[in-house]
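Peer 1: Can you read through this structure? Questions will come right after.
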């Protein structure tokens, strides 16, 4: 199977997505049966256009169906076609690695399951797999088997992948890794920087087993503009050298990389001007300003009425304080982009404007309710089951972010709305982090928007990588505050600047501040607020589950000896006792 296409996408204005890719590639590929009656190789290249080239990149895939498995041809064709389709269907906020590995895991399980349907072991659906994904200024390589990926750069020829083949003897060897070979798939992954002029070669063993590295390098060094012709030349050389296998190869030359200047980006980001200061009764693009809901030094939020539909929305506008700050404008633009890709009843919806915009702003649904901060003031001693109910909804909203590989990074009571029916919605996408966007290079120094110190996980302060457990920490802090009316660690988190500061804090069990809190609920919250992220729950769903279902381990914890619960404290007490006894002894000797 061969495929090569460029997929058009609907037009997007620069204000909606300013990071259009300038990546340009020259392509060539060939796949023939060679001396064999059937071609069990499969190849494919997809170079999308528009924003998809920016967020997902261009993909080249090559697969060699294993001849010993009668369904090798079906395996290779399925792997190439499904990967090219499914990879581009994954969320744009996902990183290349997560997107590719999710698709390959599903593909591998399907191939392995198909092979298990037949009693004859030769009917296995097994294939090698190699893919090169060009995104921004990097190439991401994924590889399993003995197909290969090479790179020619400035005359230096290098094999970037290693063969997963175990050699028994001179005449006997077998694949140790391939798609469909085992229910568990181990794929090599690399992320490498790309330079203009680089040439990448993907090949099956019908090529590289019969053409040495020197001849491959010479062929690629003498490339003209026709890469298809170069691939044909390689296939003819392999046949002349006695290749007895299928013959497939792909060549990709990097002709240009994204090299936007700061001025380019600023120009595109500022196509839409900042709105003027809005007052009640003013009109903007068909929206009537009804009242101001929130204002800070960074943005304003208004309740507006769509005069055409009669619907009420929230309109968020940027602060004129940052009118010349390109990094701020980029983050504001990306807020609505990220928010529009989160779909959950517990996350506020970003609304598409039905009219052209004359200014920079975005719309969300209007939640007729109060913030969790106000709710806690009105409910200083809420029933435990109501707190668990609210926490469960917040966790549901966070799961929607995490499924898109996106961190909220600013979970706090002010960013949680509760309507009259007790339904929760997470708001504000200003601090969100999406790896798929972070992978895209830009000439701007991007802002690192951190959350509120009282609710932030220690890794943010300590400069360590944040992950889903960082949002989980914030959720546990909020739940503790709802139950007790106080912040955990005596509110000292916001004063911590180092690992030593965090270690010096002391956790007060929530049941000491609120005797109605069950011990097992406090145990779940304590685990969610562990200072070391690896000691917390695996995800927010696990924390939410433990708040609804008693975990006997937390009941046992309360009755364990202090040496088991906090050995560091015990040793500190022992050391302190020894110090006092020594000082007393010295005093008596004087």
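The values are calculated or read from the model by the stated rules, or taken from the named source; none is laboratory data. This one's a predicted model, so the numbers in the text were calculated from it and none came from an experiment. Cβ: placed from backbone, ideal geometry, glycine included. Neighbour counts: every protein chain shown.
Peer 1: Is it the case that some residue within the range 112-135 is under 26 Å from residue 338 (Cβ atoms) and modelled with pLDDT under 95?
Peer 2: So far as the range 112-135 goes, yes, one or more of its residues are under 26 Å from residue 338 (Cβ atoms) and modelled with pLDDT under 95.
Peer 1: Looking for whichever is more than 20 Å from residue 66 (Cα to Cα), surrounded by fewer than 20 Cβ atoms within 10 Å (Cβ to Cβ) and out of contact with any strand residue (DSSP E or B) (no Cβ under 8 Å at 6 or more places or on another chain) here; the options are 197, 222. Which one fits?
Peer 2: Testing whether each residue is more than 20 Å from residue 66 (Cα to Cα), surrounded by fewer than 20 Cβ atoms within 10 Å (Cβ to Cβ) and out of contact with any strand residue (DSSP E or B) (no Cβ under 8 Å at 6 or more places or on another chain) leaves just 222.
Peer 1: Identify, by number, the condition in (1) closer than 24 Å to residue 318 by Cα; (2) in contact with a strand residue (DSSP E or B) (Cβ under 7 Å, 6 or more places away or on another chain) that residue 438 doesn't meet.
Peer 2: (2)
Peer 1: Still on this structure, please answer the following. So in the range 394-436, with the set limited to residues that are over 25 Å from residue 538 (Cβ atoms) and at pLDDT below 90, which one is surrounded by the fewest Cβ atoms within 10 Å (Cβ to Cβ)?
Peer 2: Among residues in the range 394-436 that are over 25 Å from residue 538 (Cβ atoms) and at pLDDT below 90, the one surrounded by the fewest Cβ atoms within 10 Å (Cβ to Cβ) is 420.
Peer 1: Residue by residue through the range 411-429, note down the ones that are farther than 18 Å from residue 457 by Cβ and either part of a loop (DSSP other than H, G, I, E, B) or in the same structural domain as residue 347 (by TED's automatic domain parsing) (or both).
Peer 2: Answer for the range 411-429, where residues must be farther than 18 Å from residue 457 by Cβ and either part of a loop (DSSP other than H, G, I, E, B) or in the same structural domain as residue 347 (by TED's automatic domain parsing) (or both): 420, 421, 422, 423, 427, 429.
Peer 1: Would you mind stating whether residue 478 is closer than 22 Å to residue 396 by Cβ and either at pLDDT 95 or above or outside the structural domain of residue 413 (by TED's automatic domain parsing) (or both)?
Peer 2: Against the criterion (closer than 22 Å to residue 396 by Cβ and either at pLDDT 95 or above or outside the structural domain of residue 413 (by TED's automatic domain parsing) (or both)), residue 478 qualifies.
Quick grid of which residues meet (1) over 27 Å from residue 296 (Cα atoms); (2) part of a loop (DSSP other than H, G, I, E, B):
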residue	(1), (2)
370	no, no
376	no, no
392	yes, no
396	yes, no
399	yes, no
409	no, yes
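Peer 1: So is residue 157 more than 26 Å from the chain's Cα centre (by Cα) and either part of a loop (DSSP other than H, G, I, E, B) or touching a residue at least 12 places away in the same chain (Cβ under 8 Å) (or both) or not?
Peer 2: yes
Peer 1: When you check residue 345 against the structure, is it crowded, with 20+ Cβ neighbours inside 10 Å and assigned to a loop (DSSP other than H, G, I, E, B), yes or no?
Peer 2: Answer is no for this residue.
Peer 1: Would you confirm whether any residue within the range 62-78 is surrounded by 21 or more Cβ atoms within 10 Å (Cβ to Cβ), assigned by TED's automatic domain parsing to the domain that holds residue 179 and within 24 Å of the chain's Cα centre (by Cα)?
Peer 2: No, the range 62-78 has no match at all.
Peer 1: Condition test on residue 288, is it part of a strand (DSSP E or B) and farther than 18 Å from residue 355 by Cβ?
Peer 2: So residue 288 does not fit the description; no.
Peer 1: Look through 185, 175, 202, 141 and report the one residue that is surrounded by 15 or more Cβ atoms within 10 Å (Cβ to Cβ) and at pLDDT below 90.
Peer 2: Checking each option against the conditions leaves just 175.
Here's the yes/no breakdown for (1) more than 36 Å from the chain's Cα centre (by Cα); (2) farther than 25 Å from residue 504 by Cα; (3) modelled with pLDDT under 65:
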site: 533; (1), (2), (3): no, no, no
site: 539; (1), (2), (3): no, yes, no
site: 542; (1), (2), (3): no, yes, no
site: 552; (1), (2), (3): no, yes, no
site: 557; (1), (2), (3): no, no, yes
site: 563; (1), (2), (3): yes, no, yes
site: 570; (1), (2), (3): yes, no, yes
site: 573; (1), (2), (3): yes, no, no
site: 576; (1), (2), (3): yes, no, no
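Okay, residues lined up against (1) touching a residue at least 12 places away in the same chain (Cβ under 8 Å); (2) under 24 Å from residue 284 (Cα atoms):
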{"position": "301", "(1), (2)": "yes, yes"}
{"position": "327", "(1), (2)": "yes, no"}
{"position": "337", "(1), (2)": "yes, yes"}
{"position": "342", "(1), (2)": "yes, no"}
{"position": "363", "(1), (2)": "yes, yes"}
{"position": "371", "(1), (2)": "yes, no"}
{"position": "377", "(1), (2)": "no, no"}
